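The values are calculated or read from the model by the stated rules, or taken from the named source; none is laboratory data. Since we're looking at a predicted model, the values are computed, not measured. Reconstructed Cβ throughout: ideal geometry from the backbone, glycine too, with neighbour counts over all protein chains shown.
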Amino acid sequence: MGVDPAMFGSLLAIDMGGYQLAKDLAEDPLLGSYGGLVVAAVFGCTIVFTIPVGMGMISKADRPFFAQGIMVGLAAMPVGLAVGGMLCGLSILTCLHQNLPIFVLALLLLLGLWKIPQKMVKGFCLLAEGIRWLVTIGLVLAAVESLTGWAVLPGMAPLEDAMATVASIGIVLLGSLPLAELIRRILTRPFAWLGERLGMKPQSLTAMLVGLVSALPTLSMYQDMDDRGKVAAGAFLVSGTSLLAAHMAFTVSTEPNMLGPLIGAKLAGAFAAVVAALWVTRKTNQVKN
């Protein structure tokens with residue numbers, strides 16, 4: 001198909017091996033950066049983190065709303081990937097062509113969540129468990145190499161490099177979490193006003209705001225959100241999650257020049273997803289307390 005192998009690295013999250021795999025597989029360095037940072041921060045993160053963790057955290061009653069939101073977010077994802085690609089200097093046709101495998105997988109995922117949601121939940125829970133084991137084994141092997149100098153898997157990145165990235169993410173979180181809380185308090189009244197006009201509780205808007213830092217607070221707030229807000233929040237997380245924390249910190253520590261494309265892609269995709277979610281749920285415009 002003429003797709004750069006780097007794009008297959010974007011099946012993993014940006015900070016869970018996606019970037020390293022994309023750069024190692026890349027024939028074109030620019031596509032390696034695009035696939036490993038921009039696409040992996042959207043699609044890869046959704047596959048290996050947002051869906052498995054979300055399905056495990058939220059109640060069974062809320063899973064259909066979350067799944068619907070994920071489907072809407074996946075449908076809107078090409079908007080963000082196109083914006084990110086163009087900010088990288090790629091043409092719109094190149095973006096669409098290079099993302100063909102991603103779009104096909106997203107379509108299959110969308111159909112699976114629609115037709116067999118329960119089986120998809122089990123599958124993603126198994127995927128999350130498998131990734132947890134791989135990460136643990138990789139950490140042990142890296143520790144062995146760091147302590148003894150014996151490379152069990154030659155070519156594996158040094159543990160010190162990984163810890164530097166983790167530290168940079170932690171530093172960003174130190175500021176981004178208090179900032180999100182400050183913004184939430186400042187926008188309490190505007191969120192109440194906007195929520196009334198959108199047919200959502202203010203908690204739903206707050207959940208999307210904190211989702212820019214991490215998906216975990218958003219998922220923990222599902223029980224306090226209205227049905228329309230649950231769909232919108234799920235759609236928002238596909239592109240918007242962790243922008244102001246882990247993903248921004250990882251990009252700054254690896255390729256700072258890619259920060260603009262990352263921010264543009266995630267914000268554009270998240271905005272398009274929320275607009276689409278509001279349109280899909282337009283007949284459910286009454287807040288249920």
### Task
Can you give me the number of residues within segment 1-19 that are surrounded by fewer than 17 Cβ atoms within 10 Å (Cβ to Cβ) and not in a helix (DSSP H, G or I)?
3
### Summary
Scanning segment 91-112 residue by residue, those surrounded by fewer than 15 Cβ atoms within 10 Å (Cβ to Cβ) and of a type in the set (Val, Ile, Thr) turn out to be Ile92, Val104
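Within segment 57-75, track down each residue that is more than 18 Å from Ala40 (Cβ to Cβ), assigned to a helix (DSSP H, G or I) and of a type outside the set (Val, Ile, Thr). Outline the logic, then answer.
The first filter runs over segment 57-75 and keeps only residues more than 18 Å from Ala40 (Cβ to Cβ), leaving 57-69, 71-72, 75.
Next, from what is left, pick out any that are assigned to a helix (DSSP H, G or I): 57, 63-69, 71-72, 75.
Answer for segment 57-75, where residues must be more than 18 Å from Ala40 (Cβ to Cβ), assigned to a helix (DSSP H, G or I) and of a type outside the set (Val, Ile, Thr): Met57, Arg63, Pro64, Phe65, Phe66, Ala67, Gln68, Gly69, Met71, Ala75.
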### Task
Test Val39 against the criterion of being closer than 19 Å to Gly260 by Cα, in contact (Cβ under 8 Å) with a residue 40 or more places away in the chain and buried (at least 24 other Cβ atoms within 10 Å of the Cβ), and give yes or no.
yes
## Note on the structure
Within segment 208-227, the residues that are touching a residue at least 60 places away in the same chain (Cβ under 8 Å) and touching a Leu at 6+ places or on another chain (Cβ under 6 Å) are Ala215
### Query
Can you tell me which residues in segment 166-190 are more than 18 Å from the chain's Cα centre (by Cα), of a type in the set (Ser, Thr, Tyr) and closer than 16 Å to Phe250 by Cβ?
Ser168
## Note on the structure
For segment 1-59, the count of residues that are at pLDDT below 90 and of a type in the set (Phe, Trp, Tyr) equals 1
### Task
Examine segment 119-139 for a residue that is part of a helix (DSSP H, G or I), out of contact with any helix residue (DSSP H, G or I) (no Cβ under 9 Å at 6 or more places or on another chain) and polar (S, T, N, Q), and state whether such a residue exists.
yes
### Task
Tell me, yes or no, whether segment 237-249 has at least one residue that is in a loop (DSSP other than H, G, I, E, B) and touching an Asp or Glu at 6+ places or on another chain (Cβ under 8 Å).
no
### Index of the failed condition, Cys88 passing every other in (1) of a type in the set (A, V, I, L, M, F, W, C); (2) farther than 26 Å from Gly229 by Cα; (3) surrounded by fewer than 19 Cβ atoms within 10 Å (Cβ to Cβ)
(3)
#### Entry: Conditions (1) of a type in the set (A, V, I, L, M); (2) within 23 Å of Ile92 (Cβ to Cβ); (3) surrounded by fewer than 24 Cβ atoms within 10 Å (Cβ to Cβ): number failed by Ala22
(3)
### Query
So, in segment 113-130, of the ones that are more than 16 Å from Thr50 (Cα to Cα) and surrounded by 12 or more Cβ atoms within 10 Å (Cβ to Cβ), which residue ends up modelled with the highest pLDDT?
Ile116
### Query
Just checking, how many residues over segment 131-185 are at pLDDT 80 or above and on the phi > 0 side of the Ramachandran plot?
1
## Note on the structure
Just one listed residue, out of Phe66, Phe103, is touching a residue at least 60 places away in the same chain (Cβ under 8 Å) and either touching a strand residue (DSSP E or B) at 6+ places or on another chain (Cβ under 9 Å) or aromatic (Phe, Trp, Tyr) (or both), and it is Phe66
